[in-house]
1. Relative to the present Cα-Cα distance, how much length would full extension add between residue 394 and residue 56 at 0.36 nm per residue of separation?
2. Using 7 Å Cα-to-Cβ label points, what is the residue 451/residue 247 separation (nm, one decimal)?
3. What FRET efficiency comes out for residue 35 versus residue 339 if R0 is 35 angstrom and r is the Cβ-Cβ distance? Round to the nearest 0.05.
4. Mark the label point 7 Å from the Cα of residue 99 along Cα→Cβ and return the residues of the range 29-64 whose backbone N is within less than 16 Å of it.
5. Report, in cubic angstrom per residue, the convex hull volume of the C-alpha atoms of the chain.
6. Go ahead and run the numbers for FRET between residue 437 and residue 316, Cβ-Cβ distance against an R0 of 45 Å, rounding to 0.05.
7. If R₀ is 51 angstrom, what is the calculated FRET efficiency for the pair residue 258 and residue 4, using the beta carbon separation as r and rounding to 0.05?
8. Give the order of 266, 212, 368 when sorted by the count of other beta carbons within 10 angstrom, beginning with the fewest.
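Read the figures in this text as sums done on the coordinates, not as results from a lab. Remember, it's a predicted structure, so these values are computed and weren't measured experimentally. Backbone-built Cβ (ideal geometry, glycine too); neighbour counts: all protein chains shown.
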């Protein structure tokens, strides 16, 4: 048997070495899901029969001396906007319950299973991914395992809850404006939002196609890197991921930080942050030996433009559903989409033009720096049902402003590792931001902080 707190890479090594069977590992995690999911609300579907068949195949292959893969026998689960063969792709909605079952798995599920991982189910999420809280009007909230009265963060709320609750060592989420990094921060996990276009989105339900990313959440940087490497590669079915070659990060994970130019994002990224968010960034900066501070001059404008693109693209995707079944939406989601339908197309065009200018500015900044540090969220997890919060003396809506510091980064498509700081009463995350296509550097810094003990993910 294994310890339920074991990391994915430890589980895979134990299975390859014959210390435990894949079916034994799977049964432990299925029992854990059965024991705690009712309280925490992470899963909307459990694919136990499929998982047992996969585990049996791995055990058979091991007996024959076959290659089991880097993630041999590691259970994982996915946000329910990923296609899972035989299930309707819910995307957190009531309306999609009536959709036809998916005919095949999403590309990233196929690639993880090719590396030996075992899919155990689909996870709760904010409706149509338009959420930062982890609350869902149709399936209930994904609760924070560190305090079930608090939010898990969203929209990949179930992805955060499942890993932080010890139900799986690895999950997949999506991140348009912060939906991997926010639950990673609130649940005390490592999360990777890769460069826009790095990982295939084929077989996932879209939100904002010009901003959508997919990526993993885990309790160690090594698990992030192993899963990320397994999922990389061109995919002709996703036009933005059609050409990029694989660039392995595992061989570089232990390279340390010598020679890296690291700075803290100041200005916009320090304004409004609660003391615990600033303390986390300060602790990371101290451990990395940097006092340098820089600014993104137009970060607030970047966030505003991201909102315009999000509202208009997201609303137009759901125009027909809003016309025919408005009362079957979460009222908060519906009202935001309706507002998006009222925005003029000229605003969208201008936001996309500004995006090109903004990306050029950031590319220039990365000529002089390798890594940027910033809070992942402005505060630790709010209470479930909480509508307003005070940041920097200003009362603001919770649902929109948990992504205060993530939106200006995903707007530029930059790769980010969210790393957990767990010294306070509740965990909170820090963004480790790199230049486009340099996930390896963000993961190296995350690993260094993890080894130093400053960044740590702990089960409640």
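1. Using 0.36 nm per residue and subtracting the Cα-Cα distance, I get 116.1 nm.
2. Each label point lies 7 Å from its Cα, and together they span 2.1 nm.
3. So the FRET efficiency works out to roughly 0.25.
4. 44-45
5. Taking the convex hull of the Cα positions in the chain, it is 130 Å³ per residue.
6. 0.90
7. Once the sixth-power term is evaluated, E becomes 0.90.
8. 368, 266, 212
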